[in-house]
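Report on the following structure.
The values are calculated or read from the model by the stated rules, or taken from the named source; none is laboratory data. Bear in mind the structure is a predicted one, so any value in this text is a computation, not a measurement. Virtual Cβ from ideal backbone geometry, glycine too; neighbours counted across all protein chains shown. Ligands, DNA and RNA are excluded from the accessible area calculation, which covers all protein heavy atoms including side chains. Shrake-Rupley method; radii C 1.70, N 1.55, O 1.52, S 1.80 Å.
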Amino acid sequence: MKEIKSREVNYKLLIFSLFFLFFLFVESDLDLLNIYTILILIILIGLSFYEIRLNSQGIVRKNLFFPFLKTIKNWKEIKYYVTVKEFNKDHYTGYNSSRGSISFLESSFLKSIQNQQKLKNSLGQIVGISNCLWFIDQENKVCLRLDMDKYSNSDEVLKSIQSNEISYGDEFEVNQPSFPFIGYKKFDELYFPRNPEELALLEKKLTEPEKIKLNNLRKRKEKGDKIYLISRDLNLNMFFDKTE
């Protein structure tokens, strides 16, 4: 198997750092503009650039400027991968010129270079969609996450993964997944259980407000309402099918 390389850029972190640095120079804020602030910003800029490598051994994700910051996962360590569509609030939508020219320019520039799909959810919020792969280790924990929208050769990366790992199954939709979850959270317990026993256990762990919302959704379903999108926005879609 030939080695495949792909680079990703965290544009939000990069643009924030660059515009904040530009803002300090424009404002000539001597209290903030010092060697320590500049050093922190340089580190943040460096943290914005990553590279992944896939070969016959596994996957390596490392920072380009700080190579010691890396994650190495052998194929044998990975149990399967999960295709996940993540829905996260688009915090840049609320930016406008009245909040400051820097914020406005930052928002405009980010939108011009990112081709992220956005929609309005059932709660009226603008959310951005990220098409990701979550890798689950032998302990059923999420050990690695790749945002496939950030790779120019994502098709080649995906083919390499598919040739080495098995898929968990259907694509799942997760509303605002909590971070950082890498290496700590169990996928089958906290996200999408796949049998009645796991669902029953998960339902018992819901808070009282969540149980009330779930019962209301079930009542609406009985009346013939389409409730899946609402359940997704309330993080309760594991109890319903996408067709409901």
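Would you check if Lys89 is within 30 Å of Lys242 (Cβ to Cβ), open to solvent by 40 Å² or more (accessible area, probe 1.4 Å), modelled with pLDDT under 80 and charged (D, E, K, R)? Here the answer is yes, as Lys89 does meet what is asked.
Identify all residues within the stretch 1-59 that are closer than 22 Å to Asp155 by Cβ and at pLDDT below 75; write none if there are none. Selection gives Met1 alone.
Selection of the stretch 216-233 for residues being open to solvent by 70 Å² or more (accessible area, probe 1.4 Å) and assigned to a helix (DSSP H, G or I) yields Asn216, Arg218, Lys219, Arg220, Lys221, Glu222, Leu229.
Residue count for the stretch 176-210 under the criterion of being part of a helix (DSSP H, G or I), of a type outside the set (A, V, I, L, M) and at pLDDT below 75: the result is 3. For the stretch 123-177, the tally of residues that are touching a residue at least 40 places away in the same chain (Cβ under 8 Å), of a type in the set (Asp, Glu) and within 17 Å of Asn88 (Cα to Cα) stands at 3. Note on the stretch 70-86: residues that are outside any strand (DSSP E or B) and either at pLDDT below 90 or among the acidic types (Asp, Glu) (or both) amount to 1.
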